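The values are calculated or read from the model by the stated rules, or taken from the named source; none is laboratory data. Note that this is a predicted model, so its numbers are computed, not measured. Cβ placement follows ideal geometry from the backbone for every residue including glycine, while neighbour counts extend to all protein chains displayed. The area values use the complete protein model at the heavy-atom level, side chains included, leaving out ligands, DNA and RNA. Shrake-Rupley method; radii C 1.70, N 1.55, O 1.52, S 1.80 Å.
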Amino acid sequence: MYTYDDIAFRVIERDDLNALRLLHNDLSIWGNLLNIEFIDEKDQENWWENLYRKKNDKRYVICQKDTPNKIIGRLRIQNINWQHHNCEVGLDIISEFRGKGYGYKSYKMLLEFLFDHYNMNMLYLKVADFNPKAKKLYEKVGFKETGKLPDFFYRKGKYWDYIIMSITKFEYQNLK
Ligand SMILES: CC(C)(COP(=O)(O)OP(=O)(O)OC[C@H]1O[C@@H](n2cnc3c(N)ncnc32)[C@H](O)[C@@H]1OP(=O)(O)O)[C@@H](O)C(=O)NCCC(=O)NCCS
C-alpha cells in the first residue's frame with residue numbers, strides 16, 4: 001500500500017470487485033469513458049483475473065490510509081513504456097466522496113509515486129471536452145493541455161474532442 005497524507009492506494013483484492021463494478025456502472029463514471037459497456041459480475045471477475053498478465057497496465061483502488069477496506073476511488077496506470085519512461089494515467093472518485101479534495105490529493109499521490117519512485121519521466125492523460133470539472137482538476141495538479149484528438153468521442157448525440165494533457169518530471173519538480 002502506498003500512502004500519501006491520509007489516503008493510500010493498494011492492489012485490488014477479490015473482495016473489492018463488487019464495489020468496483022458498482023463504481024464502473026455509475027453513469028457519472030462510464031459517461032466519461034470511451035467504452036460505455038455495462039459490466040456484470042462475470043465481466044468484473046474476468047477483468048480482475050486477467051490483470052496480472054498485463055505488465056504495462058496497473059490498476060489499484062484508492063482508500064483512506066486508516067480504513068483500507070473502504071474504497072474511495074480507482075486508479076489506472078496504463079501504457080507503461082519502460083524504454084521512454086512514460087505512461088498514461090487516470091482515476092475516478094466514487095460519487096459520495098467527490099468535491100472533498102480526494103481527486104486532487106489522489107493525483108498528488110500518483111505524481112509523487114510515478115516521478116519520485118517509479119522513475120517515470122512524463123505522464124499523460126486524456127479528457128473529453130465535455131468534462132471541464134476534471135480538466136480543471138488536472139490543470140490544478142500541474143498538467144497542461146498539449147494536444148487533442150478532434151471529434152474522437154461520441155456522446156450525448158455529438159462528437160467531442162479528446163483533450164490530451166501531460167506533465168514532465170522537470171515540470172513536476174518545478175511545481176514544488
Ligand atoms: C473528476 C474527479 C476525479 C474529481 O475528483 P474530486 O474528488 O471530486 O475533486 P476535488 O474535490 O479534489 O477537487 C479538485 C478540483 O477539481 C475541480 N472540481 C472538482 N469538483 C468540481 C466542480 N463540481 N465544479 C468545478 N470544478 C470542480 C476544481 O478545480 C477543484 O479544485 P478547487 O476545489 O480548488 O476548485 C471526480 O469528480 C470524478 O471521479 N468524476 C467522475 C468521473 C470522471 O469525470 N473521471 C475523469 C475522467 S477523465
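Name the single residue, out of those in the range 80-96 being within 15 Å of the ligand (Cβ to nearest atom) and out of contact with any Gly (no Cβ under 7 Å at 6 or more places or on another chain), that is most open to solvent (accessible area, probe 1.4 Å).
Selected residue: 96.
Given the options 57, 5, name the one that is out of contact with any Cys (no Cβ under 6 Å at 6 or more places or on another chain), loosely packed, with under 15 Cβ neighbours inside 10 Å and acidic (Asp, Glu).
Result: 5 is the single residue among 57, 5 that is out of contact with any Cys (no Cβ under 6 Å at 6 or more places or on another chain), loosely packed, with under 15 Cβ neighbours inside 10 Å and acidic (Asp, Glu).
Based on this model, can you work out whether residue 138 counts as open to solvent by less than 40 Å² (accessible area, probe 1.4 Å) and in contact with a strand residue (DSSP E or B) (Cβ under 9 Å, 6 or more places away or on another chain)?
In short, yes.
Any residue in the range 85-106 that is without any contact (Cβ under 8 Å) to a residue 40 or more places away in the chain and polar (S, T, N, Q) sitting within a Cβ distance under 8 Å of a residue that is surrounded by 15 or more Cβ atoms within 10 Å (Cβ to Cβ) and not in a strand (DSSP E or B)? List the pairs, counting only those 6 or more apart or interchain.
Taking only residues 6 or more apart or on different chains, the pairs are 86/120; 86/121.
Take residue 133 and tell me if it is outside any helix (DSSP H, G or I) and either of a type outside the set (A, V, I, L, M) or open to solvent by 60 Å² or more (accessible area, probe 1.4 Å) (or both).
Spelling it out, it is not the case that residue 133 is outside any helix (DSSP H, G or I) and either of a type outside the set (A, V, I, L, M) or open to solvent by 60 Å² or more (accessible area, probe 1.4 Å) (or both).
Please find, among 123, 114, 75, the residue that is buried (at least 18 other Cβ atoms within 10 Å of the Cβ) and free of Cβ contacts under 8 Å to residues at least 40 places away in the same chain.
114
Just one of (1) under 28 Å from residue 135 (Cα atoms); (2) outside any loop (DSSP other than H, G, I, E, B); (3) out of contact with any Asp or Glu (no Cβ under 8 Å at 6 or more places or on another chain) trips up residue 33, so point out which.
Every condition holds for residue 33 apart from (2).
Please enumerate the residues belonging to the range 36-56 that are within 19 Å of residue 71 (Cα to Cα), part of a helix (DSSP H, G or I) and either modelled with pLDDT of 95 or more or more than 16 Å from the chain's Cα centre (by Cα) (or both).
Matches in the range 36-56: 41, 44, 45, 47, 48.
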